[in-house]
Amino acid sequence: MNMRGDSKLSITKSKITEALLKLLEDKPIGRVSVIELCKQAQVNRTSFYAYYSDIFDLIESLETEISASLYENLGEDNGERDIAVIVGHIRQNSRFYKIYANTAMESKLVSHMLVVAQKAFGTQLLIEQSGLSAAREYFMEFVKGGVMGVIKLWLASDCNVPDSEIVEFLIDVVKKCHSGAFSPPLRAYPDIPETSFEG
C-alpha cells in the first residue's frame, strides 16, 4: 500500500475510533450499533467492515493499541516503578479509562493491569505471590478495589493531581493498611492456592 493509501486508512480508523469513544461517553457498548457508529464517524459500513468484524472487534483492537505502550514500559521487578508506569499510562489514555470507569465496560486490558498493580504492591510489601494465606489474599483484593477507586476519582477530576503524588499516596496508604492488616483470626484461615493471582 502506498503512502496515500496508508494515510487514508489511518484517517478512517481514527474517525471510527473517535466516534466510538464519543458514543461510549453516553451509552454502554452493548447499545452502540455499527450503523450509528458509521453515521457518527461519517464513514460507510463497507469501510468499517474492511477493518473490523463488529463493535467488539473494534474495542479489542483499540485496547491492543492502547496496551502496547504499557507493556513496553513495564519492568520485571513488579515494584514501585511499575506502579508509576501504570499511573502515567492511565493519564495518557485518560479518555478511554474514564469511559471504562463510568460504564463498567468489560476490559481485558484493565483486568490485566489490575493484576500487574496487585503484584507490584505485593512486591513493595514483600508479600509472596504463591501460597498466600487467606488474610493476605483478602488484603490484596482490598488493594485492587482501593486502587481502582482512587483511579476513578482521579479520572473524574481530569487527573488534576500529579502522577508522582498519586503513586506516593497509593503506596503510602497500602503500606499503612498492611502494617496492621493481619489479626490472629485471619491468620487462622487456610492457605489459598497459587492460581489466585492468575489473570
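The values are calculated or read from the model by the stated rules, or taken from the named source; none is laboratory data. Computed from a predicted structure; not experimentally measured. As a convention, Cβ positions derive from the backbone with ideal geometry for all residues, glycine included, and neighbour counts pool all protein chains shown.
Check whether at least one residue in the stretch 39-61 is out of contact with any strand residue (DSSP E or B) (no Cβ under 6 Å at 6 or more places or on another chain), buried (at least 17 other Cβ atoms within 10 Å of the Cβ) and modelled with pLDDT under 90, and report yes or no.
Looking through the stretch 39-61, at least one residue is out of contact with any strand residue (DSSP E or B) (no Cβ under 6 Å at 6 or more places or on another chain), buried (at least 17 other Cβ atoms within 10 Å of the Cβ) and modelled with pLDDT under 90.
Within the stretch 10-37, can you find the residues that are of a type outside the set (Val, Ile, Thr), in contact (Cβ under 8 Å) with a residue 12 or more places away in the chain, over 21 Å from Ala101 (Cβ atoms) and assigned to a helix (DSSP H, G or I)?
Lys13, Lys15, Glu36, Leu37 - these are the residues of the stretch 10-37 that are of a type outside the set (Val, Ile, Thr), in contact (Cβ under 8 Å) with a residue 12 or more places away in the chain, over 21 Å from Ala101 (Cβ atoms) and assigned to a helix (DSSP H, G or I).
Can you find a residue that is under 23 Å from Cys159 (Cα atoms), of a type in the set (D, E, K, R), touching a helix residue (DSSP H, G or I) at 6+ places or on another chain (Cβ under 6 Å) and modelled with pLDDT under 85 anywhere in the stretch 82-101?
Looking through the stretch 82-101, at least one residue is under 23 Å from Cys159 (Cα atoms), of a type in the set (D, E, K, R), touching a helix residue (DSSP H, G or I) at 6+ places or on another chain (Cβ under 6 Å) and modelled with pLDDT under 85.
Looking only at the stretch 38-59, which residues are part of a helix (DSSP H, G or I), free of Cβ contacts under 8 Å to residues at least 24 places away in the same chain and not basic (Lys, Arg)? Outline the logic, then answer.
Initially, the stretch 38-59 is screened for residues part of a helix (DSSP H, G or I), giving 38-41, 45-51, 55-59.
Cutting the leftovers down to free of Cβ contacts under 8 Å to residues at least 24 places away in the same chain gives us 38-40, 45-46, 49-50, 57.
Scanning the stretch 38-59 gives Cys38, Gln40, Thr46, Tyr49, Ala50, Asp57.
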